[in-house]
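Student: Dumping the structure here so I can ask a few things about it.
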Amino acid sequence: MVSPKLPLLLVLLHAVFGSAYRWYNWQFEVTCQSDAYIVPEDEAATAKFLKEQYPRGSHIKVVGNGHGFGNLTTCVDNSLTEKPTYIVSLDNLKHLSINKEDMTVTFGAGWDVYDLIKELKANGLSFDHLGVERVQNFVGASTTGTHGSGSSTGNMASQIVGLRVLDSQGNLRVLDEKHNGEELKAFRISLGALGLITEMTIRVQPTLHMKKTTKVLNATSDYSKMYQELAQLYREHDRMTVWGPHFDWDADTQSWALEPTYFLSWWEPTDYTDVQNCTLNYCANGCGDCKKEYICYDEVTDAISCPPQGVCTREFYAEIEHFFPIEYYAEAAANYTIFQQSQTPRMDAPYNHQMVIQHRSLKGDDTYLSPVNTYNLSPELSGVFGVIEIDWIQEYNNFTTLWQNQELAMEFLPHFGEIYNVRPHWNKMSPPNPTYTLEKFPKLPEFLAIQERQDPKCQFVNDFLVRQLGITRCQDFLSS
């Protein structure tokens, strides 16, 4: 059966008579139109739907909350193909079980990060690491490489110890660390290319409290000096995020003006459990009264991330996020900033407002398509990655400005990729270049072999995946 609010039969009948469903990402610059929006009631109904669609070769794309900047989750638009094309939501898969003996939580694919946090708190548990926001679907966020900051902290996917996955024929595959741990390394960050994840099991920990310290620093146009000082701070603090430097758009001079100050925060475990007050200021997301020095204490998820009400930036913005060995951090950060400033004359579209450069660190891992995989690192490197993010934020929503800034964002990887062994965050301005992808993700051939087994008719791919991963057998996926 499927959800009573959206019966499968009704959806398919609507598709026959020309009804369609248009999908958008969170800021409406990525969109596609499918024949229908499918919401199965449970895993069995999901498998049944896949079995029915396999003979037709239907295009199938699972979506969460659309919190992405690129076209990774775009469905195959029904104007491009004669085959049926569907968007699938697994929102109804909301079962959950907690095992405190082995400190794991198993849950259906419909859970969002925000709701999972509440369940863990109610049971005296915490995530070890998350991204800065909680608005995403957990499966979608983790399997695209979402992360927080910490030199001994991995991305969200590193917490995954088990999965239930349906292939394109509706066959179930159960993965865990004990029985097929090597294959689990491919599925942890699968980009939607390996099937429909219906259930996930992750490691958790007893409630963890953190002390958050925020400091205000003076900015300088001597970028080399500024970033060398930050590199030293990263050596001193395990979990640290730098929000800055900040630049404001000067409409009169058509240039970016460096703000005199910026701020950073670091987190450390604490036994203090009295007043929990980090949620009074949502600076985990760079908004609130952030440029002030303070100390707060809270449960780890409230100390490092913010709930939907703490998401202050609703305007369009373009973003890049690049990962590279942290040993290159000071030099790379300076050169990224210099390159950005050298491109200022191009940024003459209306409504530019602010540009913020953010810096984090992340522990490397052994996951096939993780942006912080350690497979091609030389022995002298630590396996810790620096992360540079640049956000171009608008004063008002304007597509011309958005597209202009995204065009510039695409140029950073070609400029710096080979120099610093850079890997972009999936779904954030990743140029489609399979040769480069193979160099930075040496396990890509093994991933593609699994992808062919899971999706022999290329039903789960889209243009982004085919071009970015070099899935040559799927080059004619629209028609074949």
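The values are calculated or read from the model by the stated rules, or taken from the named source; none is laboratory data. Note that the coordinates shown come from a computational prediction; the quantities given were computed from them, not determined experimentally. Glycine gets a Cβ as well: all are built from the backbone with ideal geometry, and neighbour counts include every protein chain shown.
Student: From the list ALA45, ALA109, which residue is surrounded by fewer than 21 Cβ atoms within 10 Å (Cβ to Cβ), in contact with a helix residue (DSSP H, G or I) (Cβ under 8 Å, 6 or more places away or on another chain) and of a type in the set (A, V, I, L, M)?
Tutor: Of the residues listed, the single one that is surrounded by fewer than 21 Cβ atoms within 10 Å (Cβ to Cβ), in contact with a helix residue (DSSP H, G or I) (Cβ under 8 Å, 6 or more places away or on another chain) and of a type in the set (A, V, I, L, M) is ALA45.
Student: I need the full set of residues from the stretch 159-204 which are of a type in the set (Val, Ile, Thr) and farther than 12 Å from VAL139 by Cα, in order please.
Tutor: Across the stretch 159-204, the qualifying residues are VAL161, VAL174, VAL204.
Student: Can you name the condition, by its number, that ILE338 falls short on among (1) in a strand (DSSP E or B); (2) surrounded by fewer than 21 Cβ atoms within 10 Å (Cβ to Cβ)?
Tutor: Every condition holds for ILE338 apart from (1).
Student: Suppose we filter the stretch 448-480 for residues that are assigned to a helix (DSSP H, G or I), over 23 Å from ASN373 (Cβ atoms) and under 24 Å from the mean Cα position of the chain (by Cα); how many remain?
Tutor: Residues flagged as assigned to a helix (DSSP H, G or I), over 23 Å from ASN373 (Cβ atoms) and under 24 Å from the mean Cα position of the chain (by Cα) within the stretch 448-480 amount to 1.
Student: Follow-up question, since we're still on this one. Being out of contact with any His (no Cβ under 7 Å at 6 or more places or on another chain) and farther than 14 Å from ALA193 by Cα, is that true of even one residue in the stretch 442-459?
Tutor: Scanning the stretch 442-459 turns up at least one residue that is out of contact with any His (no Cβ under 7 Å at 6 or more places or on another chain) and farther than 14 Å from ALA193 by Cα.
Student: Determine, yes or no, whether TYR368 is touching a residue at least 12 places away in the same chain (Cβ under 8 Å), touching a helix residue (DSSP H, G or I) at 6+ places or on another chain (Cβ under 6 Å) and part of a loop (DSSP other than H, G, I, E, B).
Tutor: yes
Student: If I filter the stretch 298-318 down to residues being surrounded by fewer than 19 Cβ atoms within 10 Å (Cβ to Cβ) and in contact with an Asp or Glu (Cβ under 9 Å, 6 or more places away or on another chain), which single residue comes out as modelled with the lowest pLDDT?
Tutor: My answer is THR313.
Student: Of the numbered conditions (1) touching a strand residue (DSSP E or B) at 6+ places or on another chain (Cβ under 6 Å); (2) at pLDDT 95 or above, GLU229 fails exactly one; give the number of that condition.
Tutor: (1)
Student: Name every residue in the stretch 345-388 that is surrounded by fewer than 17 Cβ atoms within 10 Å (Cβ to Cβ) and either of a type in the set (Lys, Arg) or within 16 Å of the chain's Cα centre (by Cα) (or both), in order of residue number.
Tutor: ARG346
Student: Enumerate the pairs (first residue in the stretch 440-464 and within 25 Å of GLY170 (Cβ to Cβ) and modelled with pLDDT of 95 or more; second residue anywhere and part of a helix (DSSP H, G or I) and of a type outside the set (Lys, Arg)) with beta-carbon separation below 7 Å, excluding pairs fewer than 6 apart on the same chain, so at least 6 apart or on different chains.
Tutor: Listed pairs, sorted by first residue: GLU446/ALA186; PHE447/ALA186; LEU448/LEU469; ILE450/GLU183; ILE450/ALA186; CYS458/CYS474; VAL461/CYS474.
Student: Looking at the stretch 174-203 only, could you name the residues that are farther than 22 Å from LEU120 by Cβ, of a type in the set (D, E, K, R) and in contact with a helix residue (DSSP H, G or I) (Cβ under 8 Å, 6 or more places away or on another chain)?
Tutor: GLU183
Student: Tell me, yes or no, whether the stretch 64-75 has at least one residue that is within 20 Å of LEU175 (Cβ to Cβ) and surrounded by fewer than 19 Cβ atoms within 10 Å (Cβ to Cβ).
Tutor: No, there is no match, as no residue in the stretch 64-75 is within 20 Å of LEU175 (Cβ to Cβ) and surrounded by fewer than 19 Cβ atoms within 10 Å (Cβ to Cβ).
Student: With the condition kept exactly as written, say whether any residue in the stretch 299-307 is in a helix (DSSP H, G or I), over 18 Å from GLN340 (Cβ atoms), over 25 Å from the mean Cα position of the chain (by Cα) and of a type in the set (A, V, I, L, M).
Tutor: Checking the stretch 299-307: not a single residue is in a helix (DSSP H, G or I), over 18 Å from GLN340 (Cβ atoms), over 25 Å from the mean Cα position of the chain (by Cα) and of a type in the set (A, V, I, L, M).
Student: Output the number of the condition that GLU321 fails; it satisfies all remaining conditions of (1) over 18 Å from the mean Cα position of the chain (by Cα); (2) surrounded by 15 or more Cβ atoms within 10 Å (Cβ to Cβ).
Tutor: Looking at each condition in turn, GLU321 falls short on (1).
Student: Follow-up. Looking only at the stretch 238-272, count how many residues are over 27 Å from the mean Cα position of the chain (by Cα), assigned to a strand (DSSP E or B) and of a type in the set (A, V, I, L, M, F, W, C).
Tutor: The initial filter retains those residues of the stretch 238-272 that are over 27 Å from the mean Cα position of the chain (by Cα), namely 249-261, 270-272.
Pick out the ones that are also assigned to a strand (DSSP E or B) and you get 249-250, 255-258, 261.
Adding the requirement that they be of a type in the set (A, V, I, L, M, F, W, C) leaves 249, 256-258.
Matching residues across the stretch 238-272 total 4.
Student: Here is a follow-up. Return the pair list, or none, for Cβ contacts closer than 6 Å from residues in the stretch 267-293 that are free of Cβ contacts under 8 Å to residues at least 24 places away in the same chain to residues that are among the small types (Gly, Ala, Ser), at least 6 apart or on different chains.
Tutor: ASN281/GLY288
Student: Another one. What about THR220, is it among the polar types (S, T, N, Q), under 30 Å from TYR328 (Cβ atoms) and buried (at least 16 other Cβ atoms within 10 Å of the Cβ)?
Tutor: Answer is no for this residue.
Student: Separate question: Can you name the residue in the stretch 418-447 that is polar (S, T, N, Q) and not in a loop (DSSP other than H, G, I, E, B) and, of all such residues, is nearest to the chain's Cα centre (by Cα)? Steps first, answer last, please.
Tutor: Within the stretch 418-447, the first condition is being polar (S, T, N, Q), and the residues that meet it are 421, 427, 430, 433, 435, 437.
This time we only want the ones that are not in a loop (DSSP other than H, G, I, E, B), so: 435, 437.
Working: THR435: 22, THR437: 17 Å.
Checked the stretch 418-447; the qualifying residue nearest to the chain's Cα centre (by Cα) is THR437.
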